[in-house]
């Protein structure tokens, strides 16, 4: 199954894959773009490469064409990051080889010594996800206690990326889901049974829905269970819900409320992805969420928690009523202090840190 993603997500996804391929080059990477969807993917790649410490130079082809809206959105982020951007003329372009070609399909120019963005956007190209499963992944690292930041400061990182750099929040969600999919795929040991993905109504649930899409594209059997009605999802999580529901039909269900049904669902899974509650949890879990946590913990199935295990206070490590006992946690932007405090040390399992594409300047400022 290969999803026909909206242009914005397609460009972000392709840009992440391109950066994955190019990030180990020692020399400066020259990137040629025009105002097309291919150009937008190449700009997304430039942003990710820069965040990884790679030097990039972007040349904008002088072509008389209508700018793609997604290209303009990515260009605004590049401009606010102050990445090197020059206007290139055709004569100069003929003399220079570029590592990354972000020219639209109507161009007859071929990439020399590198990659063409169009190859990562093609609906016939099955490798969008496969690009993230070979060798060391530069976007995922082992979380370190000394890098942890308070929850409110981590929230400010996301807000700064969205408000100060005009980076669409759904792109951050896509990158979080891509990273979590890599971890989830590595945790899969058996065949036959489905992966059970539990999604709440906020951004944590949206991350889980991206993971569902990623595992489906890799050929895994997946079932998605929502804590509440899908129509109650909001913002970027709702976009991902509609994308998944409209393209897959019957894999999305509402979680039942009784303990026997919950236990039957989770006992029949080969992996459980916990995307119920993230850092926004401000109350003790009770009722249906608490029964769901209990059934997950009783299942004996490996659990991957997204950002932090549902029910854990990210700052203090306190358990809010009850808490998912995860085998692994993939956290986003920065680790939370609660991973190493209180009950957090035994509830998180192995903790991985995922880069979600925020400009590196924001992260450095948050750590001061």
* If you take every DSSP beta bridge whose two residues both sit in the chain, what share of them, in percent to the nearest 5, is antiparallel? -> 10
* Packing-wise, with mean Cβ within 10 Å as the measure, how do 14-25, 169-180 rank, highest first? -> 169-180, 14-25
* Please report, to two decimal places, log10 I(q)/I(0) for segment 198-277 at q = 0.12 Å⁻¹ as given by the Debye formula with identical point scatterers on the Cα atoms and no solvent. => -0.30
* **Residue order, fewest to most beta carbons within 10 Å, for 211, 56** => 56, 211
* Asked: Shape of segment 256-329 from its Cα gyration tensor (a ≥ b ≥ c, root eigenvalues): rounded if a/c is under 1.5, otherwise prolate when a/b > b/c, or oblate?
  -> oblate
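Sorting check: for 329-336, 221-228, 259-266, 203-210, which peptide has the highest mean count of neighbouring beta carbons within 10 Å, and how do the rest follow?
Working: 329-336: 26.6, 221-228: 20.5, 259-266: 16.1, 203-210: 28.4.
Per-residue mean Cβ counts within 10 Å order the peptides as 203-210, 329-336, 221-228, 259-266.
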* To do: For segment 184-320, give the share of DSSP beta bridges that are antiparallel, in percent and rounded to the nearest 5; count only bridges with both residues there.
  => 5
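Quick check on the chain: helices-only [θ] at 222 nm, where DSSP H runs of length 4 and up contribute -39,500 (n - 2.57) each and the sum goes over total residues. Nearest 500, please.
Working: 13 runs with 148 residues, N = 368.
So the calculated ellipticity at 222 nm is -12500 deg cm²/dmol.
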* To do: Note the angle between two axes, namely the Cα long axis of helix 287-298 and the longest principal axis of the Cα atoms of the chain, as a number of degrees from 0 to 90, rounded to the nearest 10.
  => 90
* **Three principal axis lengths of segment 218-368 [C-alpha, angstrom, descending]** => 47, 34, 29
* How much length is gained if the chain between residue 163 and residue 288 is pulled fully straight, taking 0.36 nm per residue apart and subtracting their Cα-Cα distance, in nm to one decimal? -> 41.5 nm
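Rule-of-thumb check for the chain: C-alpha Rg over 2.2 N^0.38 Å?
Working: Rg = 20.8 Å, N = 368, 2.2 N^0.38 = 20.8 Å.
This ratio for the chain stands at 1.00.
May I have the convex hull volume per residue, in Å³, for the Cα set of segment 141-244?
Values: hull volume 13.1 nm³, N = 104.
Cα convex hull per residue, to the nearest whole number: 126 Å³.
Quick note: the coordinates plus some simple rules give every number you see, no bench work behind them. This one's a predicted model, so the numbers in the text were calculated from it and none came from an experiment. Don't worry about glycine lacking a Cβ; one is built from the backbone with ideal geometry, like all the others, and counts go over all protein chains shown.
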